[in-house]
1. Any residue that is in contact with a His (Cβ under 9 Å, 6 or more places away or on another chain), at pLDDT 90 or above, surrounded by 11 or more Cβ atoms within 10 Å (Cβ to Cβ) and closer than 22 Å to A86 by Cβ - is there at least one of those in segment 101-112?
2. Restrict the check to segment 17-35 and report whether at least one residue is assigned to a loop (DSSP other than H, G, I, E, B), free of Cβ contacts under 8 Å to residues at least 12 places away in the same chain and of a type in the set (A, V, I, L, M, F, W, C).
3. For segment 130-150, which positions are surrounded by 10 or more Cβ atoms within 10 Å (Cβ to Cβ) and in a loop (DSSP other than H, G, I, E, B)?
4. So E161 clears everything in (1) part of a helix (DSSP H, G or I); (2) surrounded by 12 or more Cβ atoms within 10 Å (Cβ to Cβ) except one condition, right? Which one?
5. Within segment 46-83, which residues are among the acidic types (D, E) and under 30 Å from S33 (Cα atoms)?
6. What's the total number of residues in segment 116-153 that are more than 43 Å from the chain's Cα centre (by Cα) and either within 24 Å of A88 (Cβ to Cβ) or not aliphatic (A, V, I, L, M) (or both)?
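The values are calculated or read from the model by the stated rules, or taken from the named source; none is laboratory data. Owing to the predicted nature of the structure, the values given are computational and were not obtained by experimental measurement. Cβ coordinates were reconstructed from backbone atoms using ideal geometry, including for glycine residues, and neighbour counts include every protein chain displayed.
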Amino acid sequence: MPNNTTYPVNTIDDNGVLYIYQKIKGEMPSKTSDLVNDSTFQTAQNVADSIAAALATLSIPTKVSDLSNDAGYQNATQVQTAIDTAIAGIENLHFDWSYSQLPATGEENVIYAIPTGSQTDPYDFYVWKTGTPGSWVKLDFNFDMSGYMLKTDLHFMTNAEIDALLNE
């Protein structure tokens with residue numbers, strides 16, 4: 001179909017494109033800093049300044065005493081007081097070997113040794129827990145006495161055996 005336009009039609013060949021490029025090349029930005037920051041992007045320095053300002057307003061504790069003790073941790077004085085109190089209670093603690101069975105009630109700071117009749121585990125040990133009502137608490141530990149000498153294993157030497165030993 002023939003071109004019936006009456007106005008002039010301009011075209012650019014390769015040399016024209018290269019010429020335009022060279023003309024506008026110097027006008028095109030080559031760094032982000034050449035652009036207008038219409039989106040308020042921050043530079044590295046802006047970020048560093050914001051962080052420094054935020055850190056300056058923070059109050060970071062430097063001592064444990066500056067923190068809130070929401071877990072109920074004990075300080076050294078409280079721990080020592082608890083230890084001293086426990087030791088004071090233990091100082092009066094003693095064994096009572098005089099019972100063949102548990103009495104109806106007991107006393108604090110006494111460990112009651114009740115015979116079991118067993119050679120391998122000859123005693124059960126109990127303490128009295130005060131309260132309403134009070135109750136017996138069995139101490140759940142066993143002593144393995146199998147490696148120890150029994151009284152029946154002892155042999156008392158006679159004078160003749162002592163003399164024989166000394167003459168050797």
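1. Yes, segment 101-112 contains at least one residue that is in contact with a His (Cβ under 9 Å, 6 or more places away or on another chain), at pLDDT 90 or above, surrounded by 11 or more Cβ atoms within 10 Å (Cβ to Cβ) and closer than 22 Å to A86 by Cβ.
2. Going residue by residue through segment 17-35, those that are assigned to a loop (DSSP other than H, G, I, E, B) are 26-31, 35.
Filter again for free of Cβ contacts under 8 Å to residues at least 12 places away in the same chain, leaving 26-31, 35.
Then keep just the ones that are of a type in the set (A, V, I, L, M, F, W, C); that gives 28, 35.
Within segment 17-35, one or more residues are assigned to a loop (DSSP other than H, G, I, E, B), free of Cβ contacts under 8 Å to residues at least 12 places away in the same chain and of a type in the set (A, V, I, L, M, F, W, C).
3. Taking segment 130-150 first, the residues surrounded by 10 or more Cβ atoms within 10 Å (Cβ to Cβ) are 130, 134-139, 142-143, 145.
Those that are surrounded by 10 or more Cβ atoms within 10 Å (Cβ to Cβ) and in a loop (DSSP other than H, G, I, E, B): T130, G134, N142, F143, M145.
4. (2)
5. Just the residues of segment 46-83 that are among the acidic types (D, E), to begin with: 49, 66, 70.
Of everything in segment 46-83, just one residue is among the acidic types (D, E) and under 30 Å from S33 (Cα atoms), namely D49.
6. Just the residues of segment 116-153 that are more than 43 Å from the chain's Cα centre (by Cα), to begin with: 117-119, 149-153.
Checking which are either within 24 Å of A88 (Cβ to Cβ) or not aliphatic (A, V, I, L, M) (or both) leaves us with 117-119, 151-153.
Residues in segment 116-153 being more than 43 Å from the chain's Cα centre (by Cα) and either within 24 Å of A88 (Cβ to Cβ) or not aliphatic (A, V, I, L, M) (or both): 6 in total.
To keep it simple, each residue is scored yes or no on (1) within 30 Å of F125 (Cα to Cα); (2) charged (D, E, K, R); (3) touching a Ser or Thr at 6+ places or on another chain (Cβ under 6 Å).
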| position | (1), (2), (3) |
| --- | --- |
| N10 | no, no, no |
| K25 | no, yes, no |
| N46 | no, no, no |
| L55 | no, no, no |
| Y73 | no, no, no |
| I83 | yes, no, no |
